[in-house]
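The values are calculated or read from the model by the stated rules, or taken from the named source; none is laboratory data. Note that the structure is a prediction, hence the values are computed from the model and not measured. So basically every Cβ, Gly included, is an ideal-geometry build from the backbone, and we count neighbours across all protein chains shown.
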Amino acid sequence: MRITFIIPSYNEEANVAPFFDAATEAFARQSDFDGFELLFIDDGSTDGTLAAIRELVPPAQVDVRAVSFSRNFGKEAGMYAGLQHATGDIQAIIDADLQQPPRVAFEMAHQLICHPEYDCVAAYQEQRKQGAVHNALARRFYKTLKSSSGMDVVADASDFRAFRRNVADALLQMPEYFRFSKGLFSWVGFRTLAWPYEVQERNAGSSS
Ligand code: UDP
Ligand code: MG
């Protein structure tokens, strides 16, 4: 079995190597997968993100690949390109800044190995750390989304997910130009397991 991490990356030069180290260490500790693809999507970074990716030296069984955009298109476009290029039987979307631990991505992928009835595992934050106003607005947003579109998106869901290739294939058949992945994941269906995790502080750089 092969797993792909899809890593949307915008101006993450200081995070590329620490992320790679944490991801390859987590891969070495697990036994579900014998192949690991790290697929960075360089979203038109203006810093040394692509150069940092080129410097990575992957160990055996690990492949590093990158898609590099001509300008900044946004994380949604990055995730779509990731789905187009990923080769893993199981794929995970994970941020480059280590707010979402690679170890947890392997835990989520492990659920898919143990529970064939699920096709997707969606991480959610056990405790939102953004403060009361942000939390209230987020709740309002997801409530409005549900009443207007019928899509039930878990309020604390993130883009941090692991899923089988059939889910990726279904998402790739949705050619919407302005994408909202949390809604698209809900729209395409598939049995989804919610997986709690504790969001970490950003390793380096600042939120975009
Ligand atoms: N990102 C991206 N394109 C963008 C903005 C962000 O690919 O235009 C990536 C970013 O490098 C990170 C992830 O999306 O890996 C989440 O972004 P960020 O950490 O800025 O968001 P936050 O965690 O603060 O919500
Ligand atoms: Mg972040």
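Whenever a residue of segment 69-89 is in contact (Cβ under 8 Å) with a residue 40 or more places away in the chain and farther than 19 Å from M1 by Cα, its partners that are of a type in the set (V, I, T) and not in a helix (DSSP H, G or I), lying with C-beta atoms within less than 6 angstrom and at least six residues away or across chains, give the pairs G78/I41; M79/I93; A81/I41; A81/V67.
Is it the case, given these coordinates, that R161 is of a type in the set (D, E, K, R), within 16 Å of ligand 2 (Cβ to nearest atom) and surrounded by 18 or more Cβ atoms within 10 Å (Cβ to Cβ)? Criteria met by R161. Quick check on segment 52-73. Is at least one of its residues away from ligand 2 (no atom under 16 Å from the Cβ) and within 12 Å of the chain's Cα centre (by Cα)? So far as segment 52-73 goes, no, none of its residues is away from ligand 2 (no atom under 16 Å from the Cβ) and within 12 Å of the chain's Cα centre (by Cα).
Per-residue answers, yes or no, for (1) closer than 19 Å to T192 by Cα; (2) under 17 Å from the mean Cα position of the chain (by Cα):
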{"residue": "H85", "(1), (2)": "no, yes"}
{"residue": "C120", "(1), (2)": "yes, yes"}
{"residue": "Q125", "(1), (2)": "yes, yes"}
{"residue": "S148", "(1), (2)": "no, no"}
{"residue": "P175", "(1), (2)": "no, no"}
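The set of residues from segment 135-146 being under 22 Å from the mean Cα position of the chain (by Cα) and farther than 23 Å from L184 by Cβ comprises just one member, N135. Could you go through segment 166-183 and let me know if any residue there is in contact (Cβ under 8 Å) with a residue 12 or more places away in the chain, among the small types (G, A, S) and either on the phi > 0 side of the Ramachandran plot or not in a helix (DSSP H, G or I) (or both). No. The set of residues in segment 101-136 that are modelled with pLDDT under 95, surrounded by 12 or more Cβ atoms within 10 Å (Cβ to Cβ) and assigned to a helix (DSSP H, G or I) contains only N135.
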